[in-house]
Every structure is written in structure tokens, then in C-alpha cells.
Amino acid sequence: MTATRWTLILLLTTGAAAGSWVFMSREPVALPAATAAARGASPLGLPLSPAAASEPAASAAMRAPAPVVASSASAPRIGSEGYGPHIERAQAGSDAAAAWEAIQWLRNCTTTEARRYSFEQVRAQGIEPEMMTQLMVEVDAEARRCQTVTARHQALLPELAARAMRAGVPEAAAAYANTVFPGGLTPSQRQEVADALRRDARAGDVRSLLGAAQANEAWGLSDAERLAFLAAYGQTPGHGSTGLNVKLYAEQGAIRLQAPPTPEQLVAAKLAGQQIVERARANAQP
């Protein structure tokens, strides 16, 4: 298959899923008060760590590498019971990896219909019909597993994301930030989230880079940081965005800036982005 055809498939089949998650990030929802009160929890779902409650911007979380969370040792086999009971078990337990897996299920369940439609449209154009048919079969199976996922399960997402964020799961901070209103948190809680967004992005995780660059401005990330994270995202190999035009991306409103970037800011962002990518590459080497 040619690179052009692969690109078309990827654009058509991932656009719906990405669009759904971006929509969720534009309209964040707070953890229901009843849930927080019942669990005696803060809006973050878990008690704030002493460091987050007392330290300023340069917190301990930023000075030390985030702990690595391994995949759950025994991933559950999903049968006719669907995802619902497994999400409940993840919420009742303390395994950050299980919490993050539950978040993926919750995300996927919001996009099954849109993804199936995309696959169907691609197949109708005669592009890789066998592959698209197989993908449709798989997303139909996913939709059946999602039948036991209710609004009550979706409301658990902030709590699950907070747990994964505190355990250092990459992208969890962005997932949490996209599901709560910054104004509904205390200054120390907002600082904890901002520090985690920076931590994950500076580690070079691709989705965390984009999540931090596009995060609500109320989290307090500066224009320089956002531009650097976006530049690093565009320079990360292997995800299809190498050579991303940071200036155009900013001008189109894909990231929220206090002011249009100056040429000097763009040069600095490119350099900072390169440093993030190089550091991530060095840390990934055995």
C-alpha cells in the first residue's frame, strides 16, 4: 500500500475519535458533588499530596522523574458483562494501571459510532475494503462491550484520571485537566495539575505534549511553554506530525496564547522542543 493511501486511511479513521476527545476537552465537567462528598474527597478525587499542597511552581514533582507505572499484570478478559463491571473494580481498587485502562475504555466508548462511520466511508471509496470491514467488525465488538457503560461510569473519569496522574502515568494529567474546571479547584490543586502537565510534556510523551500545549489557559502554562511543547510534538518522530508549522498552528487557534508568537519566540520554542525530544530519546536508550 502506498504512503498516500495509508495517510488517507489514518486521517479518515482517526479524525472522529480525535474530534470526540477534543470536544470533551473543550467542555470539561466537574466531578459530581455527590460523588466527592460520598467519598470524602477533594475535586481531584484523592487527597492532595503534602508536596502539592505546600510547594510553589517549582514543585518536587517537577524536580524528580515521575514513577513508571507498569501495565496491569493480568489485564481482564472482557466477556458479555462488558466494560462496566471492570470500570467499577478499577475505581474500587488502587491500581493506577487499571485506572488508566478504565479511562481508555471510557474514551473509546464515546467514539464507537463515529469510528464505525469513518471506516464505512473509507470502504465505500474502495480503499482497503477488507481492512475496513475487519475494523468495522472490531468496532462493533467494542460497541457491544460498551453497552454496560453508563453515565455513572463516565462520571468516574476525573477520579480515575487523578489517581493515574499522581502515579505518573503519561497523559493522565492531560486527561484529568480535560475533565474538570480549573476554577473549581483550589490554587494548590491547580498547581498540582499544572506541574503534572509540565512533567509529562517535558518527558516527551507525544500525547502529553499536545495535551499540555492545548490545555486551558487557567492552568497557568505560559505561552513559551505551550509553544515549546507544540514544537516538540511536531519534532517527535514516528507519529506523522514531523515538520509541524508551529506558527500556523498558533495562528489558527489550535493553542490558546496570550498574544501572537513573535519570530524570537518561535525560534526559542523550536530550540526548546528539540531539547525535549533529544532528552526523551536519551532517556529511552538502555
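Tabulated data for the structure shown
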| quantity | calculated |
| --- | --- |
| Failed condition for ALA75, given (1) hydrophobic (A, V, I, L, M, F, W, C); (2) open to solvent by 70 Å² or more (accessible area, probe 1.4 Å); (3) at pLDDT below 90 | (2) |
| Residue ID - nearest to ALA280 (Cα to Cα), chosen from residues in segment 215-224 that are part of a helix (DSSP H, G or I) and open to solvent by 50 Å² or more (accessible area, probe 1.4 Å) | ALA224 |
| Lone unmet requirement of (1) in a helix (DSSP H, G or I); (2) over 11 Å from SER208 (Cβ atoms); (3) in contact (Cβ under 8 Å) with a residue 60 or more places away in the chain; (4) not charged (D, E, K, R) for GLY183 | (3) |
| Among (1) touching a Lys or Arg at 6+ places or on another chain (Cβ under 8 Å); (2) closer than 21 Å to ARG166 by Cβ - the single one GLU88 does not satisfy | (1) |
| ARG202 vs. criteria open to solvent by 50 Å² or more (accessible area, probe 1.4 Å) and in contact with an Asp or Glu (Cβ under 8 Å, 6 or more places away or on another chain) | no |
| Any pair with Cβ under 9 angstrom, 6 or more apart, that starts in segment 127-144 at a residue that is part of a helix (DSSP H, G or I) and ends at one that is open to solvent by 80 Å² or more (accessible area, probe 1.4 Å) and hydroxyl-bearing (Ser, Thr, Tyr) | ARG144/SER80 |
| Which numbered condition PRO286 fails, given (1) within 26 Å of VAL180 (Cα to Cα); (2) in a loop (DSSP other than H, G, I, E, B) | (1) |
| Single unsatisfied condition, THR110 versus (1) open to solvent by less than 50 Å² (accessible area, probe 1.4 Å); (2) closer than 28 Å to ALA218 by Cα; (3) in contact (Cβ under 8 Å) with a residue 60 or more places away in the chain; (4) not charged (D, E, K, R) | (1) |
| Answer from ALA259, ALA284, ALA212, ALA269 - the residue that is more than 25 Å from GLY168 (Cβ to Cβ) and either within 21 Å of the chain's Cα centre (by Cα) or surrounded by 20 or more Cβ atoms within 10 Å (Cβ to Cβ) (or both) | ALA269 |
| Every residue from segment 90-107 that is touching a residue at least 12 places away in the same chain (Cβ under 8 Å), assigned to a helix (DSSP H, G or I) and over 10 Å from LEU156 (Cβ atoms) | ALA96, ALA97, ALA98, TRP100, GLU101, TRP105, ARG107 |
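Conditions tested, residue by residue: (1) surrounded by 22 or more Cβ atoms within 10 Å (Cβ to Cβ); (2) in a loop (DSSP other than H, G, I, E, B); (3) modelled with pLDDT of 95 or more.
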| site | (1), (2), (3) |
| --- | --- |
| MET165 | yes, no, yes |
| VAL193 | yes, no, yes |
| ARG207 | no, no, no |
| ALA231 | yes, no, no |
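The values are calculated or read from the model by the stated rules, or taken from the named source; none is laboratory data. Please read all numbers here as calculations on a predicted model, not as lab measurements. Here the Cβ is made from the backbone with ideal geometry for all residues, glycine too, and neighbour counts use every protein chain on show. Surface accessibility is based on the protein's heavy atoms, side chains included, excluding ligands, DNA and RNA. Shrake-Rupley method; radii C 1.70, N 1.55, O 1.52, S 1.80 Å.
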